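Just so you know, all these numbers are worked out from the coordinates, no wet-lab data involved. On a predicted model such as this, the values are computed, not experimentally measured, just so you know. Backbone-built Cβ (ideal geometry, glycine too); neighbour counts: all protein chains shown.
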Amino acid sequence: MEEFLDQYGYAALAVGTFFEGETAILVVSSLIHRGMFQFPLTVLAAFSGSFVSDWIYYLIGRMNGKLFISTRPKLRAKMLPLTNFFERNRYQILFSYRFLYGFRIVIPLMIGMSGLAPRLFLFYSIVTGLIWATVVSFVGYCTGRIFNLDAKVFEDNLFWIVVGFASLGLLIGFAVRKFTFKENLQLPE
């Protein structure tokens, strides 16, 4: 595992944050204290993967989202509460969407469909992406330092460490969601 991390560490982190943000960044940033990674480069790689992901989904929503939704009445009915919630809480969502675990794909799609100008989304995606990458990297760094994690510990306990970091990511996301929004978002089944 150490060879893989030495060879592909930052690139793997960027790919990992593209698909599953918190877990990838927490695993890599927990090894900063061992000197395997540098904090600023970890934040930059994590930001890069999440930024590309956000923009792909935003552009899909902007270019084809409304047409796709309009031809699917059941999906349109499910999107309506989320769209209404976004319209009432636009700035809270724009500032916190990177921390809203479980909504990472839907929110950029919805923002793209909302007609929000690309330069405005660019501003929010950069600001929130950098804040998110920095905060989660710091949490990972502290966790790695407290538990003295190293590559061998990851090899021996990979499943439990990933489950623990995924749970921590969920906890962070739920906490941000609870403190950011006063009104509960109820999605239809």
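Among the helices (runs of 4 or more DSSP H) lying completely within region 88-184, list those that include at least 3 residues that are under 20 Å from Ala46 (Cβ atoms) and touching a helix residue (DSSP H, G or I) at 6+ places or on another chain (Cβ under 8 Å).
90-96, 118-146, 151-180
Looking only at region 58-79, count every residue that is in contact with a Lys or Arg (Cβ under 8 Å, 6 or more places away or on another chain) and not small (Gly, Ala, Ser) and tell me the total.
In the first step, residues of region 58-79 are kept if they are in contact with a Lys or Arg (Cβ under 8 Å, 6 or more places away or on another chain); the result is 69-70.
Filter once more, keeping what is not small (Gly, Ala, Ser): 69.
Going through region 58-79 one residue at a time, the tally reaches 1.
Can you pull out the residues in region 1-47 that are under 22 Å from Ile131 (Cβ atoms), assigned to a helix (DSSP H, G or I) and among the hydroxyl-bearing types (Ser, Thr, Tyr)?
Scanning region 1-47 gives Tyr10, Thr17, Thr23, Ser29, Thr42.
Which one of these is in contact (Cβ under 8 Å) with a residue 24 or more places away in the chain, surrounded by fewer than 13 Cβ atoms within 10 Å (Cβ to Cβ) and among the aliphatic types (A, V, I, L, M): Ala151, Ala77, Ala133?
Ala77
What are the residue pairs meeting all of these: first residue in region 43-62, first residue within 26 Å of Arg76 (Cα to Cα), second residue surrounded by fewer than 24 Cβ atoms within 10 Å (Cβ to Cβ) and of a type in the set (Val, Ile, Thr), Cβ atoms under 6 Å, and 6 or more apart or on different chains?
Partner pairs satisfying both residue conditions: Tyr57/Ile105.
How many residues are touching a residue at least 24 places away in the same chain (Cβ under 8 Å) and either among the charged types (D, E, K, R) or in contact with a Pro (Cβ under 9 Å, 6 or more places away or on another chain) (or both) when one looks only at region 1-19?
The number of residues fulfilling the criteria is 2.
Take the residues of region 52-69 that are of a type outside the set (Val, Ile, Thr) and out of contact with any helix residue (DSSP H, G or I) (no Cβ under 6 Å at 6 or more places or on another chain): which is farthest from Gly21 (Cα to Cα)?
From region 52-69, those of a type outside the set (Val, Ile, Thr) are 53-55, 57-59, 61-68; that's our starting set.
Filter once more, keeping what is out of contact with any helix residue (DSSP H, G or I) (no Cβ under 6 Å at 6 or more places or on another chain): 55, 59, 63-64, 67-68.
Working: Trp55: 15, Leu59: 19, Met63: 25, Asn64: 25, Leu67: 29, Phe68: 27 Å.
It comes out as Leu67.
Right, Ala45: surrounded by fewer than 20 Cβ atoms within 10 Å (Cβ to Cβ) and small (Gly, Ala, Ser) or not? Don't jump to the end; show me each part of the working.
Details: surrounded by fewer than 20 Cβ atoms within 10 Å (Cβ to Cβ): no; small (Gly, Ala, Ser): yes.
So Ala45 fails the test.
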